[in-house]
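Undergrad: What follows is a single structure, and I will ask about it in a moment.
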Amino acid sequence: MITAFGVNIGDDIDLTKIRYGKIIIMTDADVDGAHIRTLILTFFYRYLKPLIDGGHIYIAQPPLYKVSAGKREVYAYSDPELQRVLAQMGDKTTIQRYKGLGEMNPEQLWSTTMDPESRTLLKVTLEDAIVADQLFDILMGEKVEPRREFIEKHAKYVRNLDI
Amino acid sequence: MSDIVNDDEILETENIDSIETDDNQGISNIYIEDEIKASYLDYSMSVIVSRALPDVRDGLKPVHRRILFAMNEMGMTYDKAYKKSARIVGEVLGKYHPHGDTAVYHAMVRMAQNFNYRYMLIQGHGNFGSVDGDSAAAMRYTEARMAKITTGLLDDIDKNTIDFAKNFDETLEEPKVLPAKLPNLLLNGAAGIAVGMATNIPPHNLCELVDAIQCLIENPEASIEDLYEHLKGPDFPTGGIINGMGGILEAYKTGRGKIRVRAKAEIIEKDQGSKQTIIVHELPYQVNKARLIENIAELAKDKKITGISDLRDESDRDGMRIVIEIKRGENAEVVLNTLFKFTDMEVTFGIILLALVKNIPRVLNLKEILHYYLEHRFEVITRRTQFELNKCEARAHILEGFRIALDHIEQVIKTIRASKDAQEAKERLIEQFKFSDIQAKAILEMRLQRLTNMERNKIDEEYAFLMTEIIRLKEILANPTMIYGIISKEIVEIKEQFGDNRRTEIQADIKEINLEDLIKDEPVIVTLTNGGYIKRMPIEQYRTQKRGGRGSNATSTLEDDFVENMYLASNHDTLLIFTNLGKVFNIKVYEIPTVGKNARGKLVQNLIQMGEDEKVRAIIQTREYSELEQLLFVTRKGIVKKTALNLYKNINRSGIRAITLKEDDDLVNVLKLEGDCEVVLGTKLGFAIRFNSSDVSHTGRTASGVIGIKLRNSDGVVGSIKVDEGTSILTIAEKGIGKRTKVDNYLLQKRSGKGVINLKITENSGTVVAIKSCMDDDEVMIITKSGTLIRTAVKNIRSIGRATQGVRIMNVTDDCVTSMVKVDEVKVDEIEENETI
C-alpha cells in the first residue's frame, strides 16, 4: 500500500507525491469485510493520517442485495432500500444476499460499485480527533477490558449480525 | 455527536440515508469515528454470538452444529459406511456455513481426535493427526461419519423439539440448537477467543456429569458443593494429573479458576539404583509432545536443566512413552521436579466457563450451566411429547373415521359409487357422516383389504393403543416431575451406554515438591576464588584433602587464582551475593555445583545473573533471616546503611537493589551484625573511624544511607571490619608497607567524624589498599597487580601503634599491591563441632 500510494509513511509523509486522487477501501459486504475495513482504517489513521485529513480516503459501497424478477435485476444497498425495491417489484422476486465481492461477475461489480457514473462512495472524514484517538485505543489497543466494556455497552446498536 | 461517554444515538447517524450528500456526485461523508465504531461492533458481536462461543444448551459453536446437522441430513450415522471428508465439508459450506473450507475441516477433524475430544463426536478414518501437532491428511484423503454417541445430540431433531432458522441464502433451514440429550458443553468442553472475551471450558467425565445432573434434578436446591461431590473436576482425554482441587471448586463456583495439570510419569531404577530413568506416559491436555521434547532437549543443552543424559520418544501406535535417562548419581525426582517447573510437563489450565445464554455471552457457575441444560431438555421433552401427542391424535382421528366408515360400509360404498368424482364423493361423505375433511380423504384412499375382519380388529387395537398413549402423553405434559423423570432416564441410558472411567487423576495439592526435601541438609564447604569461581565440596572430601597434606589451600585453581572466601555452609543455607553496583543476588548452597576436588567450579556470573562488569563485594551466609540480624553497607564515599537482613528474603533471579548508590560511588563491603556492635572503616589515605553501629538508624532496603566517615578530598573507603574482642586491624598499602594494630588504640567516635590516622601515608608506602580484622593465628594472602602473591601468618607482622608508618611486609618493585585477603579457612575442629550440634 505504501508503495502504491507513493506518499511514504509516518513523519516522512509527503502528500504532494500522492499517486491517486481517491483511495477507496472495498471489502466484502459481510462482517469480516467490516473488520478488515476497521483494520485498514486504523492503519491509515495511525500512519497515514494526512490522507484522511486531506479527504483522500473513501469507502466503496457494494450492494447488499440483488433482487431479480424475471429478467429485471435491481440492487439494494441497505435494508430499507431492499424493502422499497421489494414493494415496487411485487411478488415474484428472488433475493440474493451478497456476502463477498467474489460472488459478483466483473461487469456486475463495475456497474454496481465501481462505475464513477453510478457508484456511491463514502468519504472518510474526521470529526473529533480526541474521540477518534480514544476509540482506536479501545478497539485496537492491548487492553481487553475496555474493549469488552465497549462491546457490552454498545451491543444493542449492532447493525448486521452474521448468522 | 460522537462523544464516547454519551453516545446513545450515534449509530443512527450511521445510516447512509441520513448523511447529507455533498455536491460531488454520489459521494457522502462519513466520520471515521462512526464508521469504525459501527463496523467493529458488527464484527465483534458476530464473532461473539455466532462464531467463537458455544451455546450453553448443546455446547456447540455454529460450525460444529452445522457439520453435525449436515452429516445427519446426509445420513452419515455410525452404522453407515464412511464418506469422504471433502463431501461433508462441501455440504456444510454450500448449505450452511459460508466461510473457509479449512476452518470447517479443522473443526471436523478436532471432533475426531482422541486427544482433543473426551468423547469424540466424529469417527475418522485415515490420518487424523497426532498429539505431536501433525495435522490430518487433506480432506480428499480422509473419511468420516458420526460417532455413536453423537446420536445423543441429534435424537428427536425431527420432532419439532427445537427451532430452526433460515440458512445464509434463505433457501434452507438449519437448527438454532440441537436437542442435545448429551450434556455436551461440559462433556467435551470448548475453547474460543471472541473479541473482548474468551472461553475455556475443560472436558468432563460422562458418568460424573450425569450423576451431577441427576443430583440437581432430585434436588433443585443443591449447592455447588453438592454437585461437586459428584463432578470431581475436569477429565481430560489425555489423562494426566490435576494438581490441587482449589482451582476446580473456584471455577465451579465463580466460572473462573486455574488448575495445574501435570504429566504422568514414573521413575525406573537401573543398575542397582545407581541409574534412574523417567518414563512419561501421559501429558497435560493440549500439550504438543514433539514440541515438548524439543524444549526439554534445548533446556538440557543450555544447562538450564541438568542431569539428563538421554532423551527419546518411544511412543508408537499403542501409546505414549517418553524416556528421559538420568545421569548416574543424579536424582530423578529433582530432574522431574525441574521438568514440571520449566516445561509443559506441567501447565496451568485457566478455566473460563463462558457460554451463550439466549445469545448473550455469560460467565456461568456449574449450577447455572446444568440448570440451562435442564431447562433446554425440559423444553425438548415437552415439545417432543406434544409432537407425539399431536401425531397420536391425528391418527386417532383418522381411525375414528375408519371405524365409522366400516360400521356403515355398504352405505359408504354406495355414496362413493354414486359420486361423479373424488371431490363430490368427499363432500357427500362429509355431509352424510359428519366426517372431517381429513377423515373423508383418508377413507377415499383406504385400500379394499381394510374391509377384512382382521383389519377391522387391527384398527380397533391401534385405536385402543392410541387412546392409552394419548392419556399417557397428556399426563406427561401436565406433570413436570414426569418430564424430569424422562430427562433423568434418558441420560442414565447414555451413561450406561457410553460411560467410562475417569482418565485424569486428581490429587490433593502436592506443594510444588520442595527441592530441599530431596536434598540432604548436610554441611559443605563453599569456596569462591579471587578469579570468581565458586564451588561446593562435601566436608569429607575437604577433610581428606587436608589430611593428604596438600598444603592448606583447599581448592585447586587456575594459576594465579586462589580461594578468597571459604564458607562452612549447609546445603539448605542461602548465600546473599552483593556486588559493587549495590545489587544483591541469592543462591541456595545446593545450587552451587559440587565438583571434584581438582575442578575449578563455575564462574559466579554463570550462576547468578550478574552483569559482566559487576564484581562480587561481599557474600553473606544465612538461613533463618532472624530479626536480630542486620546488614551494614559501606560504600567507597564513606556512606553507611543499616538494614534488617530479613528485608533481603525475597530476591528474584535477576537480583534486587540492596542499596541506592550515589553517582560514582560503589559498594565496598557488607557486614552481617547480630545486634549492634562496633565497626571500623578504613580509607585509602590512611584514616580510620571506629563507631558503634547503633549510631546508624535502620532504613529500608533501597535506602541510600548516611555518612559514616567524612572523607578528605580524593579519599575513599577501602575496607570495613567488625570489632570483636581482641581484634587487631591489619592494614596494607600499595608498596607493600603494612601494619597490625590493636583496635583498642582507635578512639571510639560518633559516626560521621573524620576519623583518626591509621597509617601515615608516605611516598614509600603509597595509599592504603585494604584493611582486615585479624586474630593472632590468622593467615593472609597479599596479591599484587602483576599477579604475585605471598601468604603470611599474621603473627609475623609485628603489632605496633596506631599513627605509625608501618613496616615492610612485602617487597614490591615496579609493582603494587592490589588486595589482601584473609585465608579464610575453616578449621576441621570447627566442622566437627558443627556436625555434632
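Undergrad: Counting Lys and Arg as +1 and Asp and Glu as -1, each charge on the Cβ, what is the dipole of chain B about the Cα centre in debye, to the nearest 20?
TA: 3080
Undergrad: Let me ask another. How large is log10 I(q)/I(0) at q = 0.15 Å⁻¹ when the Debye formula is applied to the Cα atoms of the range B:565-632, each weighted equally and without solvent?
TA: Values returned for q = 0.15 Å⁻¹ are -0.53.
Undergrad: If you roll a 1.4 Å probe over the heavy atoms of the protein chains, what accessible area per residue do you get for chain B, in Å²?
TA: 46
Undergrad: OK, next. What is the projected area of the convex hull of the Cα atoms of the range B:329-393, averaged over all directions, in nm²?
TA: 8.5
Undergrad: Can you list the residues, at least 5 places off or on another chain, whose amide H is less than 5 Å from the amide H of residue B:308, using H built in the peptide plane?
TA: So residue B:308 has HN proximity to B:327.
Undergrad: Got a sec? Which residues in the range B:222-262 would a label at residue A:144 touch, if it sits 7 Å along Cα→Cβ and we count backbone N under 19 Å?
TA: B:247-248, B:250-261
Undergrad: Within the range A:27-77, list the trypsin sites (Lys or Arg not before Pro) lying in a DSSP loop whose Cβ has at most 14 other Cβ atoms in a 10 Å radius.
TA: Passing sites in the range A:27-77 are A:71.
Undergrad: OK, next. For the protein assembly as shown, just run the numbers: alpha carbon Rg, then divide by 2.2 N^0.38 Å, N being how many residues it has.
TA: 1.41
Undergrad: Next up: Across peptide A:126-132, how many C-beta atoms of other chains are within 10 Å of each residue C-beta, on average?
TA: 6
Undergrad: Looking at the range B:426-485, which trypsin sites (Lys or Arg not before Pro) are in a loop (DSSP not H, G, I, E or B) and have at most 16 other Cβ atoms within 10 Å?
TA: Here the sparse-neighbourhood loop sites are B:434, B:447.
Undergrad: Enumerate the amide H contacts of residue A:98 below 5 Å, restricted to partners 5 or more residues apart or on another chain; note that Pro and chain-start residues carry no placed amide H.
TA: Here A:65, A:66 satisfy the definition.
Undergrad: Over chain B, what is the mean sequence separation of C-alpha contacts under 8 Å (at least six apart), divided by residue count, expressed as relative contact order in percent?
TA: Contact order relative to length: 8 percent.
Undergrad: Using amide H atoms built in the peptide plane, which far-off residues or other-chain residues are under 5 Å from residue A:125 H to H?
TA: Amide H to amide H, under 5 Å and 5 or more residues apart or across chains, residue A:125 pairs with B:30, B:31, B:32.
Undergrad: How far is helix B:206-218 tilted off the main Cα axis of chain B, in degrees rounded to 10, range 0 to 90?
TA: 70
Undergrad: Using θ = phi - 60° and the Karplus curve 6.51 cos²θ - 1.76 cosθ + 1.60, what whole-Hz ³J(HN,Hα) does each residue of the range B:650-665 get, with Gly and Pro shown as x?
TA: Once θ is set to phi - 60°, the couplings for the range B:650-665 become 9, 10, 8, 4, 8, x, 10, 6, 9, 7, 8, 9, 6, 4, 6, 9 Hz.
Undergrad: Beyond 21 Å, what share of the Cα-Cα pairs of the range B:74-191 is found? Please give it as a whole percent.
TA: 42
Undergrad: Using only Cα atoms and rounding to the nearest 10 degrees, what angle (0 to 90) does helix B:101-111 make with the longest principal axis of chain B?
TA: The angle comes out near 80 degrees.
Undergrad: Given 4 °C and 1.567 mPa s, how large is the Stokes-Einstein diffusion coefficient of the range B:441-493 in µm²/s, with Rh as the Kirkwood radius over Cα pairs?
TA: Answer, rounded: 93 µm²/s.
Undergrad: For residue B:309 and residue B:159, FRET efficiency with R0 = 60 Å and r from the beta-carbon atoms, rounded to 0.05?
TA: The formula returns an efficiency of 0.40 here.
Undergrad: Further question on the same structure: Taking +1 at the Cβ of each Lys and Arg and -1 at the Cβ of each Asp and Glu, which of A:67, A:126, A:105 sits farthest along the dipole of the range A:43-163 towards its positive end, judged by Cα position relative to the Cα centre?
TA: It is A:67, whose Cα lies furthest towards the positive end.
Undergrad: Still on this structure, please answer the following. How big is the gap, in Å, between the Cα center of the range B:655-705 and the Cα center of the range A:14-46?
TA: 63
Undergrad: Tell me, what is the 1.4 Å probe accessible area of residue B:722, in Å² to the nearest 10?
TA: 70
Undergrad: Just going by the charge dipole of the protein assembly as shown, with Lys and Arg at +1 and Asp and Glu at -1 on Cβ, which of B:370, B:178, A:160 is farthest out on the positive end?
TA: B:370
Undergrad: OK, next. Give the interface area between chains B and A as buried accessible surface, both sides summed, probe 1.4 Å, in Å² to the nearest 100.
TA: Buried area (both sides, nearest 100 Å²): 4500 Å².
Undergrad: Percent of alpha carbon pairs in the range B:138-269 separated by more than 21 Å?
TA: Everything past 21 Å amounts to 60 percent.
Undergrad: Ignore the peptide's own chain and count Cβ atoms of other chains within 10 Å of each Cβ in A:24-32; give me the average, rounded.
TA: 3
Undergrad: If the reach is capped at under 17 angstrom between alpha carbons, list the aspartates and glutamates near residue B:275, excluding any in the same chain fewer than eight residues apart.
TA: B:266, B:310, B:325, B:330, B:333
Undergrad: State the Cα centre-to-centre distance between the range B:744-808 and the range B:227-294 in whole Å.
TA: The two parts, judged by their Cα centres, are 62 Å apart.
Undergrad: What stretch of chain B, leaving out the sites themselves, is the longest with no GluC sites (Glu not before Pro) in a DSSP loop having at most 13 other Cβ atoms within 10 Å?
TA: With a cap of 13 other Cβ atoms within 10 Å, the longest stretch comes to B:315-511.
Undergrad: Just to confirm the number: angle between the C-alpha axis of helix B:480-498 and the first principal axis of chain B, 0 to 90 degrees, nearest 10?
TA: 60
Undergrad: In addition: For residue B:808, put the label point 7 Å out on the Cα→Cβ axis and report which residues of the range B:710-734 keep their amide N under 20 Å from it.
TA: Within reach of a label on residue B:808: B:731-734.
Undergrad: Find how much the distance from residue B:281 to residue B:646 grows on full extension, using 0.36 nm per residue of separation minus their present alpha carbon separation; answer in nm with one decimal.
TA: 127.1 nm
Undergrad: Given +1 on the Cβ of Lys and Arg, -1 on the Cβ of Asp and Glu, and no further charges, what dipole in debye does the protein assembly as shown carry about its Cα centre, rounded to the nearest 20?
TA: 2700
Undergrad: Over chain B, what lengths in whole Å, largest first, do the semi-axes of the equivalent ellipsoid take, defined as the square roots of 5 times the eigenvalues of the alpha-carbon gyration tensor?
TA: Each semi-axis is the square root of five times an eigenvalue, giving 88, 31, 23 Å.
Undergrad: I'd like to check one number: the per residue accessible area of the range A:1-151, probe 1.4 Å, reported in Å² as a whole number.
TA: That works out to 53 Å² per residue.
Undergrad: Hey, another quick one. Along the charge dipole of the range B:394-495, Cβ charges K/R +1 and D/E -1, which of B:492, B:419, B:465 sits furthest on the positive end?
TA: B:419
Undergrad: Holding the Cα-Cα limit at 26 Å, pick out from B:414/B:458; B:166/B:358; A:22/B:37; A:143/B:662; B:588/B:795; B:739/B:785 the pairs that are longer than that.
TA: Beyond 26 Å: A:143/B:662; B:588/B:795.
Undergrad: Hey, which of these cross-link pairs are over 27 Å Cα-Cα: B:742/B:822; B:583/B:772; B:232/B:520; B:535/B:583; A:92/B:61; B:304/B:520?
TA: Going by Cα-Cα distance, B:232/B:520; A:92/B:61 fall outside the 27 Å limit.
Undergrad: Need one value: the accessible area of residue A:43 in square angstrom, 1.4 angstrom probe, rounded to the nearest 10.
TA: That residue has around 50 Å² of solvent-accessible surface.
Undergrad: Just the accessible area for residue B:340, please: 1.4 Å probe, Å², rounded to the nearest 10?
TA: Counting only protein heavy atoms, the figure is 20 Å².
Undergrad: If you don't mind, there's one more thing I want to ask. For the range B:353-369, just list the computed ³J(HN,Hα) in residue order, Karplus coefficients 6.51, -1.76 and 1.60, θ = phi - 60°, integers in Hz, with x standing in for Gly and Pro.
TA: Working through the residues one at a time gives 8, 9, 8, 8, 10, 6, 6, 10, x, 9, 7, 10, 8, 4, 5, 4, 4 Hz.
Undergrad: Determine ³J(HN,Hα), in whole Hz, for all residues of the range A:137-146 in sequence, where each value follows from phi through the Karplus function 6.51 cos²θ - 1.76 cosθ + 1.60 and θ = phi - 60°; x replaces Gly and Pro.
TA: With coefficients 6.51, -1.76 and 1.60, one gets 5, 5, 7, 10, x, 7, 7, 7, 4, x Hz.
Undergrad: Can you list which of the trypsin sites (Lys or Arg not before Pro) found in the range B:109-202 are DSSP loop residues with at most 15 other C-beta atoms within 10 Å?
TA: Hits after loop and neighbour filter: B:140.
Undergrad: To the nearest whole number, what is the average tally of beta carbon atoms from other chains within 10 Å of the beta carbons of peptide B:46-53?
TA: Average neighbour count from other chains, rounded to a whole number: 4.
The values are calculated or read from the model by the stated rules, or taken from the named source; none is laboratory data. Treat the numbers as computed from the prediction; the structure is a model and nothing was measured. Note that we place each Cβ from the backbone using ideal geometry, even for glycine, and neighbour counts take in every protein chain shown. Each accessible area value is taken on the protein alone, full model and side chains, heavy atoms only, with ligands, DNA and RNA left out. Shrake-Rupley method; radii C 1.70, N 1.55, O 1.52, S 1.80 Å.
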